[in-house]
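Here, each number is a calculation from the coordinates, and none is a lab measurement. Please read all numbers here as calculations on a predicted model, not as lab measurements. Methodologically, a virtual Cβ is constructed for each residue, glycine included, from the backbone with ideal geometry; neighbour enumeration extends over all protein chains shown.
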Amino acid sequence: MARQLKWLSDAEWAKIEPLLPQGRSGALRVDDRRVISGIVHMLKSGARWRDCPPEYRPYTTIYNRFHRWSRQGVWFAVFEALTGHSGAWGSVAIDSTSIKVHRSAAGAKGGPLSKASAHPAADAPARSTG
């Protein structure tokens, strides 16, 4: 079965390329288009970074670039350039009624929440035999 790899089109690349950080010192940077295509593929597939297809080359490069540019805010600008809007809304609501809780978190298992720490007779008044 042929692999379904994601490669950026020429139009997508033309919008993204000017937004990428330039002039970074250190080791020579590998092909940005290949790396970004790999990042998009991995985010779409939901797989582990380690399972990145070899066509995109080392998964460490793919992950490190994604992580570094996330800290720098590069992905926000790229998303805005590709979609035409920022993707941020004024308010967000979360419906908590759909959250599943483990049964032990609700106290369903294990009996009462508080247990006596001593024998009940230890709490009784002292008796005098005299």
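The distance between label points at Ala14 and Trp49 comes to 3.3 nm (points 7 Å beyond Cα on the Cα→Cβ vector).
For region 10-83, calculate the relative contact order in percent as a whole number, restricting contacts to Cα pairs under 8 Å that are 6 or more residues apart. Each step should come with its number before you reach the end.
Values: 39 pairs, mean separation 28.7, N = 74.
It comes to 39 percent, rounded to a whole number.
Projected area of region 10-83, taken from the Cα convex hull and averaged over every viewing direction, in nm²?
5.2
With R₀ set to 35 Å, the beta-carbon distance separating Leu28 from Leu82 gives a calculated FRET efficiency near 0.85.
Would you mind counting up the charge near Val35? Only other residues with Cβ under 13 Å from its Cβ, with Lys and Arg at +1 and Asp and Glu at -1. Could the numbers behind the result be given before it?
Numbers: positive: Lys6, Arg29, Arg33, Arg34, Arg57, Arg65, Arg68; negative: Glu17, Asp31, Asp32, Glu55.
Local charge sum for Val35: +3.
Using DSSP to call loops (not H, G, I, E or B), can you name the trypsin sites (Lys or Arg not before Pro) in region 6-75 whose Cβ has at most 14 other Cβ atoms within 10 angstrom? Those that pass, being in a loop and sparsely packed, are Arg24, Arg29, Arg48.
Give me Ser128, Ser37, Ser45 sorted ascending by neighbouring Cβ count inside 10 Å, so fewest comes first. Intermediate values should be presented prior to the final figure.
Numbers: Ser128 5, Ser37 20, Ser45 14.
Ascending number of Cβ neighbours within 10 Å: Ser128, Ser45, Ser37.
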